[in-house]
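The values are calculated or read from the model by the stated rules, or taken from the named source; none is laboratory data. All of these numbers come straight from a predicted model, not from anything done at the bench. Here the Cβ positions follow ideal geometry from the backbone for every residue, glycine too, while neighbour counts run over all protein chains shown. Just the protein is used for accessible areas: all its heavy atoms, side chains included, with ligands, DNA and RNA removed. Shrake-Rupley method; radii C 1.70, N 1.55, O 1.52, S 1.80 Å.
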Amino acid sequence: RITSLCRNADIVYANTIVSGLVMLRIPLEARTNLITHLHEMKGALHSLTSATAEHRGESFETTLAAVLKKANVTLVPSNAARRDLGSLVALDGFDVRQAPPCLPMLGDRPSNSHVNELRYKLDIPSSASVIVGCGSLDANKGADLFIQLGIQLLRRRSRPLYLIWVGGWEPEKPTNEKYRLETDVGRAGLTRFFRFLPYEESPESFFCMADVLALTSREDSFPLVALEAAAVGTPIVCFESSGAAEFLEGYPNLLAPHLDIARFAELVQEILDQPVGSAVIGRQLASRAGKFAVNEVGPSYNALFDRVLRERCERHGPSPSVGERGVAI
């Protein structure tokens with residue numbers, strides 16, 4: 001069914017390296033255009049491509065180059081992602097473009113009463129500071145670094161502080177990773193200060209409750225969660241190596257050297273100690289996040305699809321616009 005859909009589409013949009021690898025096995029008609037969107041950075045590109053490369057009997061760099069060669073256009077979300085990709089494959093001859101993430105339409109901001117109810121549910125005092133992390137529990141997202149951050153902060157805090165990690169497991173289906181992280185926290189004697197919560201489809205209430213979003217990712221090309229938190233005025237701290245650092249350009253006190261948890265903790269502490277200044281930063285980031293809203297960024301994607309269709313028309317005859325034909329994703 002996937003092969004049939006792709007072969008009959010004007011455009012196939014492959015939204016990860018995994019999808020790009022699948023497309024290597026699907027023959028496409030000459031009229032079909034492939035857009036591959038690579039959100040992964042160096043480590044993830046290697047780990048996700050290696051099995052296919054081994055099956056093909058070639059290096060993972062060669063397989064990665066084949067993914068780019070198959071695509072008419074390759075998209076990356078940030079300069080950091082482009083640099084990582086370019087360190088693995090020579091990009092000359094490939095059409096590689098930067099396409100930032102698109103912030104979906106958000107509902108009404110959660111009310112203070114709703115946020116207070118969430119605090120009560122999680123047994124977090126109203127006077128306590130809250131640090132939120134978000135994402136899967138794999139090494140790339142740095143949930144283990146989030147624990148190290150918490151240890152650093154809890155050692156120096158006089159006021160109550162709680163750390164909440166949202167995501168990485170489904171409700172009623174805890175994973176081995178969750179058990180391991182909670183075991184580490186327990187051995188450090190800090191269980192009561194940490195919460196590891198399941199995947200949340202609408203995490204806005206957590207961002208509103210947070211004093212800081214801590215992006216402890218070892219790798220992240222430009223996480224959507226950064227825009228979602230910024231949209232509600234929550235300050236963000238991340239590593240300089242993250243694609244989110246480009247969103248935070250002009251705010252050096254929100255960027256820590258790669259894997260420098262001690263410095264990361266200092267920056268978070270500064271935000272906690274300066275609530276007035278942090279609120280100003282939050283409002284500024286909210287304004288910046290608005291530039292990534294779907295109504296702002298969406299037209300650029302539509303223009304890309306239309307351009308690809310026009311090029312197809314030049315090669316194979318008239319073709320309708322994206323609005324008149326579907327796109328296989």
Open item on the list: Quick query: amide H of Lys141 versus all other amide H atoms, modeled in the peptide plane; which residues come in under 5 Å with a sequence gap of 5 or more or a different chain?
Closed with: Arg218
Task: Computed E for Thr191/Val280 - FRET, C-beta separation, R0 41 angstrom, nearest 0.05 - done: 0.75
Open item on the list: With the crude spin-label approximation of a point 7 Å out along Cα→Cβ, what separation in nm comes out for Asp260 versus Glu61?
Closed with: 3.0
TODO: Can you check what the net charge comes to around Ser87, using other residues whose Cβ is under 11 Å from the Cβ of Ser87 (Lys, Arg +1; Asp, Glu -1)?
DONE: +1
- [ ] Could you tell me how many degrees, from 0 to 90 and to the nearest 10, lie between the Cα long axis of helix 176-187 and the main elongation axis, the longest principal axis, of the Cα atoms of the chain?
- [x] 20
- [ ] Enumerate the whole-percent occupancy of each 5 Å bin, from 0 to the last occupied one, for all C-alpha pair distances of region 1-138.
- [x] 2, 8, 15, 16, 14, 11, 7, 7, 7, 7, 5, 1, 0
TODO: Just add up the charged neighbours of Ala289: K/R +1, D/E -1, any other residue whose Cβ is under 15 Å from the Cβ of Ala289.
DONE: -1
- [ ] For region 1-88, state which GluC sites (Glu not before Pro) are in a DSSP loop and have at most 10 other beta carbons lying within 10 Å of their beta carbon.
- [x] none
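Ignoring any ligand, DNA or RNA, what whole percent of the accessible area of the chain comes from carbon and sulfur when the probe is 1.4 angstrom?
50
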Task: Using alpha-carbon coordinates, inclination of helix 143-156 to the longest axis of the chain, degrees - done: 20
TODO: Pull up all non-local amide H partners of Gln98: gap of 5 or more, or a different chain, and H-to-H distance under 5 Å with H placed in the peptide plane.
DONE: Val76
- [ ] Net charge near Leu304: determine it from the other residues with C-beta under 14 Å of the C-beta of Leu304, scoring Lys and Arg +1 and Asp and Glu -1.
- [x] 0
Task: Accessible-area value, Met41, 1.4 Å probe, nucleic acids and ligands omitted, Å² - done: 10
Task: Cα-Cα P(r), region 151-259, percent of pairs per 10 Å interval - done: 13, 39, 40, 8, 0
Task: DSSP beta bridges in region 84-227 [antiparallel fraction, %, rounded to 5] - done: 10
Open item on the list: Need one number: convex hull volume per residue for region 6-73, Cα atoms only, in Å³.
Closed with: 73
Open item on the list: Just the number please: accessible area per residue for region 197-297, 1.4 Å probe, all protein chains included, in Å².
Closed with: 39
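Which percent, nearest 5, of DSSP beta bridges in the chain are antiparallel?
Here the share of antiparallel DSSP bridges comes out near 5 percent.
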Open item on the list: So, for region 25-169, what is the accessible surface per residue at a probe of 1.4 Å, expressed in square angstrom?
Closed with: 48
